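One structure below.
No value in this document is a laboratory result; all are computed from the given coordinates. Please read all numbers here as calculations on a predicted model, not as lab measurements. Virtual Cβ from ideal backbone geometry, glycine too; neighbours counted across all protein chains shown.
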Amino acid sequence: MGIFFGTDGIRGVMNEDLTCELATTCGNALARMKPRGTILVGRDTRLSGSCLTSALAVGAMKAGANIIDVGIIPTAGIAYLTKKYKASWGVVISASHNPAQCNGIKVFDSEGKKITEDVENAIEKHFASSQVVSAADIGSFIYKPSLSKEYTQSLVYAISHKLEGMRIVLDASNGASYKIAPYIFRTLGATVYTTSCKNNGAKINDNCGALYIDALRKQVLVHHADLGFAYDGDADRLQIIGPDGSLYDGDHIVYMLTCMYIQKRWLKTRTVVGTSQTNSAFVQALRKKHVSFLRTDVGDKYVMEALDQHHLQIGGEQSGHVILSDFATTGDGILASLFVASFVKTSRKSLKELLAFSLFPQAHRNILVQDKLRVVNNEMLAQRIEQFHKQIPQGRILVRASGTEPKVRIMVECKDQTTAENIADALALCVKQL
């Protein structure tokens, strides 16, 4: 992890940690890495998105790069278009699931994949100084929102049949999928109800979307819907609400899609990728399907790296990043929701029938800190974790520094919810004291 890049690009509060000057510097560095290149840029609905896009474009054009601004589009859309057109870089201006005052810069390579840490470090080396080319070599800027239609059509064609008769509620978190997701499901014949599907960057992720599913649950119950899908601000995450109001997370989704691949004889290698947070009950359920499991660090780019390295097809995170490598190079919440809807319709089974296992109880805590690396490497904290591990020998404890926020994240998993909550509270108190 570099000085500026975290596990998912550069993140921060606008005009504090993330400034237009930093965006300009990043654009300039990208242009210098691949001279005379083309950079595709897209964003979510945040108010600061246009400002950061312009700033990044200025830095890149100063160094001779050509900019194509696609406008508001999900993260996966930029990944798709970057790969399709073999652009030098794809850039998404988004802070994903974070609040409206935050923003970020995600970078994709010409294959539509999130850049590696080595590439991040190479880019950061150019941050120390900028480059300005001659007037004859300065880059150009084109605004081309029509390109987003190509990504939209790719999703419409991703499943082989219509969704007529299905009642679907969508929560776009007032983010990048506010227009695209309802259009796709309606085009495929579903009856669609929406909540938080507006171009409203001031309210992005504000008690809506993948992290706040109460409004979606209410709408699913009111409309007697078959499914409710919640995306985050840039639509690379997905959470599902069933017809009875039950919540299904990324572990459930990956399991369901694995079963779908098995049924359709699509699964070439019987191994699925997850992260250190993936629920152990999910892993056991996979074993019953004779499917192995491979854990990575938290972060969908690490999941994608494992999929590439081992030539695998399905991977994801509990948070709802789901990657289907036959179809996409990054997490795509809309794509995953289409496959889930398709599987529910064609299988003629309920979600509860398709997900006939229960996850082990987990307790999660996220503590805001000033120096997250100092805290997670503290010896006293390590001793406390070791003590609690002895209480739950069959359980798991994960304490890590967030890669996207100034937070320490705690996860405790065991077979008793009360025990998990108590240990998580005790560790959270220890972190706060540090």
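Of note:
- The chain - Rg (one decimal) and Dmax (whole number), Cα, Å: 21.5, 69
- For Ser94, the amide hydrogen comes within under 5 Å of the amide hydrogens of Gly104, Ile105, Lys106, counting only partners 5 or more places away or on other chains and with H modelled in the peptide plane.
- Derived scalar couplings ³J(HN,Hα) [the range 125-137; Karplus, 6.51 cos²θ - 1.76 cosθ + 1.60; whole Hz; x for Gly, Pro]: 5, 8, 5, 5, 9, 10, 10, 10, 8, 5, 4, 6, 9
- Sparsely packed chymotrypsin sites (Phe, Trp or Tyr not before Pro) within the range 173-282, loop by DSSP, other Cβ within 10 Å at most 16: Trp266
- Residues whose amide H falls under 5 Å from that of Thr296, counting only those 5 or more places apart or on a different chain, are Gly274, Thr275, Ser276, with hydrogens built in the peptide plane.
- Among the trypsin sites (Lys or Arg not before Pro) found in the range 262-371, those both in a DSSP coil and sparsely packed, with 11 or fewer other Cβ atoms within 10 Å of their Cβ, are Lys264, Arg265, Lys268, Arg348.
- For the range 394-434, the Cα-based Rg and Dmax, in that order, read 10.9, 30 Å.
- Reciprocal of mean inverse Cα separation for the range 113-183 (Kirkwood radius, Å): 17.3 Å
- For the options Thr191, Thr258, Thr346, a Gaussian network treatment of the chain with springs between C-alpha atoms closer than 10 Å singles out Thr346 as fluctuating the most.
- Across the chain, the longest run free of exposed loop sites, meaning GluC sites (Glu not before Pro) lying outside DSSP classes H, G, I, E and B with no more than 15 other Cβ atoms within 10 Å, spans 165-434.
- Span from the the range 281-335 Cα centroid across to the the range 1-78 one, whole angstrom: 27 Å
- Pairs from the table (Lys179/Lys268; Lys301/Lys349; Lys86/Lys125; Lys268/Lys288) lying more than 26 angstrom apart at Cα are Lys179/Lys268; Lys301/Lys349.
- Counting DSSP beta bridges with both ends in the chain, the antiparallel % (nearest 5): 50 percent
- Calculated SAXS-style log₁₀ I(q)/I(0) at q = 0.11, 0.13, 0.15 Å⁻¹ - the range 10-148, Debye, Cα scatterers: -0.33, -0.47, -0.63
- Normalised radius of gyration (Cα atoms, divided by 2.2 N^0.38 Å) for the range 155-354: 0.95.
- Candidates Ala128, Ala57, Ala95: whichever shows maximal mean-square fluctuation once the chain is modelled as a Gaussian network with Cα springs under 10 Å: Ala128
- Loop-resident sites, the range 1-95, for trypsin sites (Lys or Arg not before Pro), counting at most 16 other Cβ within 10 Å (DSSP): Arg36, Lys86
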